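Student: I'd like to ask some things about the structure below.
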Amino acid sequence: MSLAAVPYPIEAGCPSPAAVFNIAAEHDATHGFPAVRGDVPLALELRHAGRHAVTLRYEVLGAPELPAVFVAGGISANRHLAESDAFPGEGWWNVQVGVHKALDPRRNRIVAFDWIGADGALDVVIDPADQADAIAALLDVLGIARLQAFVGSSYGAMVGLQFALRHPDRLERLVAISGTHRAHPFASAWRALQRRAVTLGALQCDESHGLALARQLAILSYRTPEEFAARFDAATVANGRVRVDAENYLDHCGAKYAANTSPVAFLRLSESIDLQQLEPERIGVPVTVVAVSEDRLVPVEDARVLAARLRGPVQLHVLNSSYGHDAFLKETGAIAGILEQAVTRVAASAEVSA
């Protein structure tokens with residue numbers, strides 16, 4: 001058990017372990033793999049805020065005996081990666097997780113969780129290192145001593161680097177996609193304006209509107225001018241006002257996000273991105289770094305610096321995509337090829353050493 005995070009004790013008169021962890025499980029007959037979901041209450045020592053009670057909400061796809069892969073996305077991602085009979089509904093990374101896909105639950109035990117703070121109940125400063133420690137604690141509960149791979153995208157890549165630094169003996173390879181060792185000052189400034197939009201909305205007693213505006217600003221930072229030029233037309237005049245063609249799309253993105261996200265969660269997780277700062281030289285596990293030339297939040301030069309400074313074996317892949325920072329969601333084929341190569345390499349290496 002990690003010293004930084006200890007599950008609440010189960011004493012006489014307390015619920016059974018299954019009740020405390022709220023475990024739901026079902027074998028997925030259609031997709032050919034079991035799926036498990038649970039909640040784990042922990043006391044976690046946070047880097048900037050001290051000891052706090054948190055609940056780790058996880059989902060696992062694949063059999064317990066398979067080599068484990070942890071998957072983490074951006075601050076909007078959650079534990080539901082892909083659909084199963086047990087837990088239907090499209091997951092946030094259905095394009096990469098599933099039968100005959102890059103991360104196949106018949107070959108690997110695929111683990112994901114909701115970020116601590118994602119429910120809005122933890123209104124304190126949350127460091128990416130805190131997320132890494134929470135993941136280590138969750139692996140303890142699940143009985144996973146070592147990960148075959150940690151696949152992280154965006155904020156998940158930042159947390160993955162923290163995990164590789166803080167828990168190197170528990171990881172065989174990290175795949176860091178569109179996330180590096182630091183938050184770029186330009187990207188941090190962009191996020192600071194998004195947080196001010198939420199604050200302004202709160203001052204007007206309309207947090208939802210402020211959060212929707214923040215999301216719209218975020219969308220502009222995720223995507224590229226090239227995509228918008230190909231996708232949207234010129235502005236029009238209606239009822240004495242000029243309306244830009246992209247406004248309907250941005251309004252939809254903002255409303256959808258605000259309907260499903262806590263303003264507190266957005267603020268705290270957005271801040272967390274900006275706290276990312278570590279020394280790559282201290283990381284010795286093998287790392288696959290993936291960057292996108294058109295990414296304005298994580299400049300490709302930062303990825304090159306990361307790759308050059310990492311102490312252990314490293315591979316750098318640079319993609320071109322008009323989707324910019326969102327390429328990990330949209331460039332299905334390119335990302336799948338990198339994932340398959342990275343995870344397969346780890347598996348082959350393990351077989352040789354055995």
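Student: Restricting the search to the stretch 164-195, which residues are touching a Leu at 6+ places or on another chain (Cβ under 8 Å) and under 20 Å from Phe328 (Cα atoms)?
Tutor: Leu174, Val175, Ala176, Ser178, Gly179, Thr180, His181, Arg182, Ala183, His184, Ala187
Student: Considering only the stretch 251-271, I want to know if a residue exists there that is surrounded by 13 or more Cβ atoms within 10 Å (Cβ to Cβ), in contact with a helix residue (DSSP H, G or I) (Cβ under 7 Å, 6 or more places away or on another chain) and without any contact (Cβ under 8 Å) to a residue 40 or more places away in the chain.
Tutor: yes
Student: Related question: Would you be able to say whether some residue in the stretch 119-131 is touching a residue at least 40 places away in the same chain (Cβ under 8 Å), in the same structural domain as Ala43 (by TED's automatic domain parsing), of a type in the set (A, V, I, L, M) and touching an Asp or Glu at 6+ places or on another chain (Cβ under 7 Å)?
Tutor: Within the stretch 119-131 (the criterion being touching a residue at least 40 places away in the same chain (Cβ under 8 Å), in the same structural domain as Ala43 (by TED's automatic domain parsing), of a type in the set (A, V, I, L, M) and touching an Asp or Glu at 6+ places or on another chain (Cβ under 7 Å)), the answer is yes, since at least one residue qualifies.
The values are calculated or read from the model by the stated rules, or taken from the named source; none is laboratory data. Everything numeric in this text was worked out from a predicted model, so none of it was measured. We place every Cβ from the backbone using ideal geometry, glycine too, and count neighbours over all the protein chains shown.
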